[in-house]
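Some notes on the structure that comes next.
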Amino acid sequence: MMKYKHLLSWPIDDFPKGKKSIHLLPCMVSSEPAKQSKKDSNSKYQTIEVIYQDNITKIVLRRPEKKNAFSIQMYKEVSSALHEAGQDDSVLTVVTGQGDYFSSGNDLNNALQPFTGSLDERVKGTTEIVRKMVCSVIDFPKPLVAMVNGPAIGIATTILGIFDLIYASDKATFNTPFSNLGQHPEGCSSYTFPRIMGLAKATEVLLFNKTLTAREACNVGLVTEVFPDATFQQEAWSRLRDYATLPKNCLALSKQLIRNVEKEKLHAVCETEFELLAKRANSEDVINAIQRFFQRKAKL
């Protein structure tokens, strides 16, 4: 039987053959081809692309071969890109990606990288990287939009509760399979989901692994609007380009009026969620849940 020393999230890709131990660490896609523009910071990044066009900063997750799973480097690069976008002259920022997934969650390879120091130091270091990305969304000063064109899993779903608009293709789905792996909600979802969906539906999603279709996610308030997949890119981008003609400072200040009242609360919730993930990382039920998960996958 496999032994799992440390568990903070789950992999979405297949478990690599021949691995006898693993350290699992905690945990956004569009089919539109990325276009070059006059103002482009792509050379700075390896896992994402940042494009400035039509008064919009677009952050594209570019790991389609991994279904845009979040590697440690991607967590860092998204945090950096959001920090820069918050200070540039764009009116709004859009997070999207390449391929047929919004994001498959945490990349398994995060758990396979060698590390030095104690396990506790590894846990704290990794959770801090993910926490900083969540905080960069909480603190983002302008309208922040997610375009979801396919499945969103784990943190790719939970973090949507702190975006301002979420447009989705009717092919998108939303799933947070925490309990299947002995895990706990993150991305501030333990607070935002009950407020958005109501307690009963949030409990079904966060505790009992309920997968929402795009229409269901829209009906409970997580998604702003759903578009037919065939016209998703055209309709959503047309609307966003119109929004980007509105007064930049007016939009930013209005968003801050709406959001700032809860910013302190969101940071506190985020801190509590990651503290619990770190504390429970090596618990028996987490280890057993991960083992059962891989045993089920091996039988498929």
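The values are calculated or read from the model by the stated rules, or taken from the named source; none is laboratory data. The structure presented is a predicted model; accordingly, all values stated were derived computationally and were not measured. Here Cβ is always computed from backbone atoms with ideal geometry, including for glycine, and neighbour counts include all displayed protein chains. Keep in mind that these areas ignore ligands, DNA and RNA; they rest on the heavy atoms of the full protein, side chains included. Shrake-Rupley method; radii C 1.70, N 1.55, O 1.52, S 1.80 Å.
Rundown of residues vs (1) of a type in the set (Lys, Arg); (2) within 14 Å of residue 152 (Cα to Cα); (3) surrounded by fewer than 19 Cβ atoms within 10 Å (Cβ to Cβ), yes/no style:
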{"position": "162", "(1), (2), (3)": "no, no, no"}
{"position": "166", "(1), (2), (3)": "no, yes, no"}
{"position": "179", "(1), (2), (3)": "no, no, yes"}
{"position": "182", "(1), (2), (3)": "no, no, no"}
{"position": "197", "(1), (2), (3)": "no, no, no"}
{"position": "200", "(1), (2), (3)": "no, no, yes"}
{"position": "203", "(1), (2), (3)": "no, no, yes"}
{"position": "207", "(1), (2), (3)": "no, no, yes"}
{"position": "211", "(1), (2), (3)": "no, yes, yes"}
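Taking the criterion of being touching a helix residue (DSSP H, G or I) at 6+ places or on another chain (Cβ under 9 Å), modelled with pLDDT of 95 or more and farther than 27 Å from residue 277 by Cα, would at least one residue in the range 69-78 satisfy it? No, that holds for no residue. When we screen 187, 221 for residues that are surrounded by fewer than 19 Cβ atoms within 10 Å (Cβ to Cβ), on the phi > 0 side of the Ramachandran plot and not in a helix (DSSP H, G or I), the only hit is 221. Quick one: in the range 100-131, which of the residues that are out of contact with any helix residue (DSSP H, G or I) (no Cβ under 9 Å at 6 or more places or on another chain) and open to solvent by 60 Å² or more (accessible area, probe 1.4 Å) is modelled with the highest pLDDT? So the residue we want is 121. Scanning the range 132-150 for residues that are open to solvent by 20 Å² or more (accessible area, probe 1.4 Å) and at pLDDT below 95 yields a total of 0.
Would you point out the residue of the range 49-99, among those that are among the hydroxyl-bearing types (Ser, Thr, Tyr) and open to solvent by 30 Å² or more (accessible area, probe 1.4 Å), that is farthest from residue 130 (Cα to Cα)? This residue is 52.
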